[in-house]
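First up is the structure itself, then whatever we jot down about it.
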Protein chains: 2
Amino acid sequence: MGVTERKAREKEELRSLILEAAMRLFAEKGVENVTIRNIADAVEYSIGTIYVYFKDKNAILHALHTKGFAELRSRFLVLMHVNNPMERLKAAGHVYIQFAHENPEMYNLMFSIIAPMDFIETWNNEWNEGQATFSFVRDMVQDCMKIGYFGGHSALPLAYMIWSMVHGMCSLVISRRASITGLENPPAEAYAEFLRILDKL
Amino acid sequence: MGVTERKAREKEELRSLILEAAMRLFAEKGVENVTIRNIADAVEYSIGTIYVYFKDKNAILHALHTKGFAELRSRFLVLMHVNNPMERLKAAGHVYIQFAHENPEMYNLMFSIIAPMDFIETWNNEWNEGQATFSFVRDMVQDCMKIGYFGGHSALPLAYMIWSMVHGMCSLVISRRASITGLENPPAEAYAEFLRILDKL
DNA sequence: AAATTAAATGAACATTGTTCAGTATTCCAA
DNA sequence: TTGGAATACTGAACAATGTTCATTTAATTT
């Protein structure tokens, strides 16, 4: 009779509402500075209701982290239209840095904050989001190797090196450690150096 | 009459005692999971006494972060005996990665956690610790350029690129993001790739 | 020995995540 | 239509946190 379905839909809607409010608050005030009460206020429900829809704060953080990866993935998918793997790899770095620049708090949640990892561990799950993202980078590196780049290198460590580099560039800015360099835009300028290096490999 | 001096010395001693206890607790339980009460218990003084010696928790975190940089600096100073700048740069990377591996919580405090930066901002100070460390890397890069390496590159962005890379390698491990790579020892294996790249520049 | 200064205390407060017994609402069968 | 059952929602209450500050204790000077 469709009632069960409608209820399920309504539950899903409030769940989404909570997540959207949480995401907005996180972007505004920073992940650390948002309380369950803030979120409850924003969606105009009680504290207890939040706990009906999410087991605890970690569950909210994990769900949000997953939303972040969906967005990053959709940006990466666009790159599939770049046929040359080296050009694709170069562009992927730009996309990654741009994403971190536009969504610093979300980036933090995805790649630095421990909470989502705790959630995954608690429920004996795998970090599929990270797995997929890393595979994307690794595959690009392997495709580059197939057409002659990166001779004498191994794909896996090299992929981790490249990921680490762009992650480091972004996370040092987000953790407010990059300003002492005196660079105008550290990730952009440093990534430009990396592109120059790539041409020699 | 020396009483003032003795008192100043005693104050300094208790301050050190608090910091040492805090450092031990941080290494044991992780920075996030140590409370002022834990520290007070460890040194067998009351909560209030901690606040006599440190304005707030950020002040403790900042003082500890500074101790971490002193240790890292002393490890870097040993490298001054390596005359070839490129060999020095390569060795510095190893030292950096080793330090992060041995002191993950301290590393987090030095390069990821916001508290020490908040403390610095509150008192209108500069991040001298980071400044000095980055200068060390930049100088090594410049020395390499003087003897013909890194042609066509600029020292500052390149130094930030290298710092970002090793920082990324370490911080992804510490934030538990690196296990999905399947690598045994991600920083070590990825840094080995970087060394191979350096030889081509 | 008294007075003054310095050091140490811990009860108390506001804020946090979290729980859960209770209330309100919705649903469906009689 | 209505009663009872299932579902959804509530917010008071709890423990733990960082922090403050009036009070007590100790040390020093007069």
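Some observations on this one:
- Between chain B and chain A, the total buried accessible area stands at approximately 4200 Å², from heavy atoms with a 1.4 Å probe.
- Segment B:1-54 shape via C-alpha gyration tensor axes, a/c threshold 1.5: prolate
- Dividing the summed -39500 (n - 2.57) terms of all DSSP H runs of n ≥ 4 by the residue count of chain B sets its mean residue ellipticity at 222 nm at -24500 deg cm²/dmol.
- Cβ-Cβ FRET estimate between residue B:32 and residue B:70, R0 fixed at 30 Å, reported to 0.05: 0.85
- For A:108-120, mean number of other protein chain Cβ atoms within 10 Å: 3
- Peptide A:178-185 has a mean shielding of 5, counted as Cβ atoms of other protein chains within 10 Å of each residue's Cβ.
- Cα gyration tensor category, rounded, prolate or oblate, for segment A:1-99 with a/c compared to 1.5: oblate
- Averaged over residues, the count of other Cβ atoms within 10 Å places the peptides A:184-192, A:69-77 in the sequence A:184-192, A:69-77, highest first.
- Each other copy places its own label point for residue B:7 at 7.2 nm from this one, sorted shortest first, where the point lies 7 Å along the Cα-to-beta carbon line.
- Cα-projected label distance for residue B:11 with residue A:80, points at 7 Å along beta-carbon direction, nm: 6.6 nm
- Total lysine pairs whose alpha carbons fall under 26 Å of each other in chain B (8 or more apart, or interchain): 15
- Protection proxy ranking of A:114-124, B:86-96, B:6-16, by the mean of other Cβ atoms within 10 Å over each peptide's residues and highest first, is B:86-96, A:114-124, B:6-16.
- Angle in degrees between helix A:128-146 and the longest Cα principal axis of chain A, rounded to the nearest 10: 20 degrees
- Value of relative contact order over chain A, rounded to a whole percent, pairs C-alpha under 8 Å and six or more apart: 18 percent
- Inverse mean reciprocal Cα-Cα distance (Kirkwood Rh) of chain B, Å: 18.9 Å
- Residue of chain A with the smallest Cβ distance to the axis mapping A onto B, distance rounded to whole Å: A:168, 2.
- Gyration tensor verdict on the protein assembly as shown (Cα atoms; rounded if a/c is under 1.5, prolate if a/b is larger than b/c, oblate otherwise): oblate
- Cα centroid separation, segment B:160-177 to segment A:138-157: 21 Å.
- Residue by residue along A:191-201, Cβ atoms of other protein chains within 10 Å of the local Cβ number 5 on average.
- Nitroxide proxy distance, nm - points 7 Å out along Cα→Cβ at residue B:145 and residue A:184: 1.7 nm
- Segment B:1-54: relative contact order in percent, alpha carbon pairs under 8 Å with at least 6 residues between: 28 percent
- Remark: spin-label model distance residue B:201-residue A:126 equals 3.5 nm, labels positioned 7 Å along the Cα→Cβ axis.
- With all protein chains in place and a 1.4 Å probe, the accessible surface of chain A carries 52 percent carbon and sulfur.
The values are calculated or read from the model by the stated rules, or taken from the named source; none is laboratory data. None of the values given here were measured: they were computed from a predicted structure. No Cβ is skipped: glycine too gets one built from the backbone with ideal geometry, and neighbour counts run over all protein chains shown. These accessible areas exclude ligands, DNA and RNA; they are computed on the full protein's heavy atoms, side chains included. Shrake-Rupley method; radii C 1.70, N 1.55, O 1.52, S 1.80 Å.
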